Amino acid sequence: MTTAIQTACETLGWPQGLRPLQAEVMDAIMAGDDVMAVLATGGGKSGLYQVPALARPGLVVVVSPLIALMLDQQQRLEAHGVAVGSLHSQRTAPQRREDLERLKSGQLDIVYLSPEKLASLDPRTLDGVEVQLIAVDEAHCASAWGHDFRPSYGRIGKSLDAL
C-alpha cells in the first residue's frame, strides 16, 4: 500500500488500512483502470472512491440515487476534514450554488450527484476541473428495481459524455 493511500485511510479513520479485496480493487483504480467492483453490504465500496479523493489530486464525482446515503457519507467525510459537496433535490438553491462554485474552483475532493442532477448540469460545469474518478454508487438498483426505476440512472453514460 502506498503512503498516499495509507495516509488517506488514516484521515478517514481507518488506521488498519484497506481490507484485502479493497486493496486489490484500489490497485486497479489507482492505475487508472475502469473498474466494476461488486462487494457485499459492508464490504467497503464507498472507500474505493473516498480514498482516491484524498490520495491523489482531482475531483471524485459520485453518482448515487440515494440522497440519504449521500447525506450520511457527506457528514462523515466532513467530520474528517474532507471537502465534500452535493447536488441533489434536498439541498437549497444557495447550498447548490455554493457547492457548484467550490466545484468549479477546485475546492472539493468529492461531489455527490443524483442521476437527475447529473443529467441537468450545464455541459460546461466541469470545464477546467480535473476529474480523477467517476463512481456510480448503488448501480445494482437499476437491475434490481427494473429499467424504469429512475430513467436518468440508465442515462448516466450519456450525461457524463455531455460533460
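The values are calculated or read from the model by the stated rules, or taken from the named source; none is laboratory data. Predicted model only: the values in this text are computed from it and were never measured. Ideal geometry is used to build each Cβ from the backbone, glycine not excepted, and the neighbour counts take in all protein chains shown. Heads up: the accessible areas ignore ligands, DNA and RNA and are worked out on the full protein's heavy atoms, side chains in. Shrake-Rupley method; radii C 1.70, N 1.55, O 1.52, S 1.80 Å.
In the range 29-38, what residues are within 14 Å of ALA135 (Cα to Cα) and open to solvent by 30 Å² or more (accessible area, probe 1.4 Å)?
MET30, GLY32, ASP33, ASP34, VAL35, MET36, ALA37, VAL38, listed by residue number.
Looking only at residues in the range 92-110 that are open to solvent by 40 Å² or more (accessible area, probe 1.4 Å) and outside any helix (DSSP H, G or I), which one is nearest to ALA53 (Cα to Cα)?
Going through the qualifying residues, I end up with ASP109.
Could you go through the range 127-147 and let me know if any residue there is open to solvent by 70 Å² or more (accessible area, probe 1.4 Å), closer than 15 Å to GLY58 by Cβ and either at pLDDT below 80 or not charged (D, E, K, R) (or both).
Yes, the conditions are met somewhere in the range 127-147.
Pairs needed: first member in the range 146-161, closer than 13 Å to LEU121 by Cα and hydroxyl-bearing (Ser, Thr, Tyr); second member anywhere, at pLDDT 75 or above and open to solvent by 70 Å² or more (accessible area, probe 1.4 Å); C-beta distance under 7 Å; at least 6 residues apart or different chains.
Note: pairs meeting the criteria are SER152/GLU116.
Give the residues of the range 111-125 that are touching a residue at least 12 places away in the same chain (Cβ under 8 Å), over 15 Å from the mean Cα position of the chain (by Cα) and not in a helix (DSSP H, G or I), sorted by residue number.
Those that are touching a residue at least 12 places away in the same chain (Cβ under 8 Å), over 15 Å from the mean Cα position of the chain (by Cα) and not in a helix (DSSP H, G or I): LEU121, PRO123, THR125.
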